[in-house]
Amino acid sequence: MFGRRAFAVVLAPIALFTACTSDSNTQETTTLNVYAASSLATPFELAGLAFEKAHPGVNVQFNLGASSDLARFVEEGAPADIFASADIANMDKVESEDLLDTPPIIFATNYLEIVVEKGNPLNILSLQDLTNSDLIFITTNPDVPIGRYTTEVFKKAGITIAPDSFENNVKSIMLKVAGGEADAGIVYHSEVVAADGEVDGVEIPSDFNILAEYPIGIISTSDNKELARGFIDFLLSPDGRAILSQHGFGLL
Amino acid sequence: MSQVRRHRQKLPWQIILIASIAVAFFLSPFIGLLWRTPWSKFTDIVTRREIRDALWLSVQTSLITSIVCFVFGVPLAWLLARVDFRGRRFIRALMTLSMVLPPVIGGIALLFTFGRRGLIGQYLDSWFGIRLPFTTTAVVMAQCFVAMPFLVLTVEAALRQLDTRFEDVARTLGGSRWYVFRRVTLPSIKPSLFAGLVLAWARALGEFGATITFAGNLPGTTQTMPLATYAALDSNPESALILSLLMIAIAFSILIALRDRWLGRTEQGLPL
């Protein structure tokens with residue numbers, strides 16, 4: 001008797017949990033899992049809302065992070081339908097594992113800017129100014145696209161800089177520069193646009209700048225390929241392109 | 001002991017089955033890790049400079065954190081256990097809060113408080129020229145923030161269960177308050193003190209979220225083992241595996257070394 005009751009007590013939460021999870025499945029919503037580079041956060045969230053409005057019963061779920069993290073998640077079998085990377089290299093990693101349904105499409109571009117605290121108190125005007133060793137300059141690990149692009153820019157400009165920290169992703173650079181904890185970083189132009197005056201951007205001459213290309217692709221294991229194609233089509237439509245360009249992205 | 005055995009015989013198989021699932025859940029990730037570990041590259045990776053730096057930094061900072069936790073945590077635990085004052089429950093809740101809070105949030109909070117533009121940090125900077133973010137000191141602060149509550153709550157529980165008559169006797173025999181605290185109180189709670197210290201130290205060693213948020217991630221200065229592991233995941237997954245294994249080995253060997261004190265206390269029913 002006691003045994004049976006204890007058994008019931010233990011099983012009740014499990015049953016409840018199962019009930020809860022299956023509950024969300026029985027409703028007729030389809031979830032589209034979009035894994036996107038953190039620099040795409042704002043335009044993608046807006047595009048997701050517009051897409052949900054046009055497709056009742058569809059829930060667009062974002063997983064935003066460093067492209068390198070997301071590529072690893074996809075490789076490890078995470079339930080992604082779409083992967084949008086901030087560089088070709090991380091998309092290549094996923095493609096080389098045969099995880100893409102079709103070849104990726106470049107849907108947006110970006111370029112780099114030096115980001116400094118609002119008002120530019122240290123009067124940083126050029127890449128050369130970043131070589132001042134008193135300055136707190138932060139970047140990301142070289143596997144994260146922005147970290148590798150930053151290294152490329154320094155190489156092109158022929159300067160060497162010892163960063164004070166290798167942050168997780170571009171958002172973390174923005175947080176610390178906007179908060180005044182770090183003096184400068186190199187980020188995407190779109191990040192400076194998204195910060196909406198909370199930071200200042202300093203131009204990097206085109207000779208030293210890079211063109212960041214954003215590829216997007218449908219994951220081969222996706223159960224919602226049709227829907228995924230629809231979302232990508234939306235990004236490529238005039239409405240989608242308007243959202244991207246409003247947020248500082250270049251279009252091809 | 002015989003009582004324990006009788007209970008064991010009566011246990012329904014269902015409970016045993018479910019408990020076994022729980023054990024398998026905890027055990028299988030370690031096996032998975034061992035399974036993927038590239039053993040042939042072990043010595044090659046462990047002797048790399050960035051790994052040695054991270055290991056050394058982790059050992060240093062977690063030990064300093066343990067000392068700081070001891071120095072500040074024990075008096076706080078004593079206060080919470082022995083003195084009935086307004087706000088005692090608040091402080092206890094505060095300790096629990098920082099224990100259950102996601103460490104990243106703790107890191108953001110530290111950044112906005114002790115950062116260069118932070119509530120306190122701005123004065124540290126303008127009056128003393130002290131800047132904490134991106135320094136090893138910040139690593140220790142982040143670790144203390146997440147680890148100290150483990151020591152405080154463990155020691156507090158022990159102090160509350162302690163029979164105060166020993167201390168009273170020591171006082172009547174002429175011991176000063178400080179002397180009694182050092183020679184009677186502290187020795188009587190030694191097992192819990194050790195347990196609390198080990199818990200705090202282990203928590204500090206594994207600290208990731210608060211560290212990377214508040215202290216940043218720079219090899220040799222703020223890149224501790226967990227940060228190095230995370231950084232290696234992309235560029236060099238094999239290093240990441242070896243590093244994980246190394247951390248497990250360190251934590252495990254310390255727990256084994258202290259197991260007598262550890263187990264000695266849990267059997268008496270102290271919360272751990």
Review point. How many lysine pairs does the protein assembly as shown hold where the Cα atoms are under 28 Å apart and the two sit 8 or more places apart or on different chains?
Key: 15
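Please find the FRET efficiency linking B:L17 to A:I159, where r is the Cβ-Cβ separation and R0 is fixed at 60 Å, and quote it to the nearest 0.05.
Numbers: r = 64 Å, r/R0 = 1.06.
After rounding, the FRET efficiency stands at 0.40.
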Study note, to complete from the structure: Summing +1 per Lys or Arg and -1 per Asp or Glu among the other residues with Cβ less than 12 Å from A:N123's Cβ gives -4
Check your understanding: Could you work out the helix-only [θ] at 222 nm for the protein assembly as shown, with each DSSP H run of four or more residues adding -39,500 (n - 2.57) and the total divided by the number of residues, to the nearest 500 deg cm²/dmol?
Key -> -18500 deg cm²/dmol
Check your understanding: Tell me, what ³J(HN,Hα) does each residue in segment A:212-229 have, in order and in whole Hz, if you take phi through Karplus 6.51 cos²θ - 1.76 cosθ + 1.60 with θ = phi - 60° and put x for Gly and Pro?
Key -> 7, 9, 9, x, 10, x, 9, 6, 5, 8, 5, 8, 10, 5, 4, 5, 4, 4
Review point. Can you give the mean number of other chain Cβ atoms that lie within 10 Å of the Cβ atoms in peptide A:162-170?
Key: 5
Point to revise | Inter-label distance for B:F166 and B:T37, nm, one decimal - labels placed 7 Å from Cα along Cα-to-Cβ | key: 4.0 nm
Point to revise | Cα centre as origin, Lys/Arg/Asp/Glu Cβ charges: the protein assembly as shown dipole, Debye | key: 3920 debye
Check your understanding: Ranking B:M99, A:M174 by Cβ neighbours within 10 Å, fewest first, what do you get?
Key -> B:M99, A:M174
**Study point:** chain B: C-alpha gyration tensor shape, a/c 1.5 cut-off, then a/b vs b/c
**Key:** oblate
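Please arrange A:H189, A:H55 by counting, for each residue, the other beta carbons lying within 10 Å of its beta carbon, fewest first.
With the fewest neighbours first, A:H189, A:H55 line up as A:H55, A:H189.
Tell me, A:Y111, B:Y179, A:Y35 in order of fewest to most beta-carbon neighbours within 10 Å?
Values: A:Y111 19, B:Y179 12, A:Y35 25.
By the 10 Å Cβ count, ascending, the order reads B:Y179, A:Y111, A:Y35.
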Review point. What is the antiparallel percent of DSSP beta bridges lying wholly in the protein assembly as shown, to the nearest 5?
Key: 55 percent
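No value in this document is a laboratory result; all are computed from the given coordinates. Keep in mind it's a predicted model, so treat the numbers as computed, not measured. Here Cβ is always computed from backbone atoms with ideal geometry, including for glycine, and neighbour counts include all displayed protein chains.
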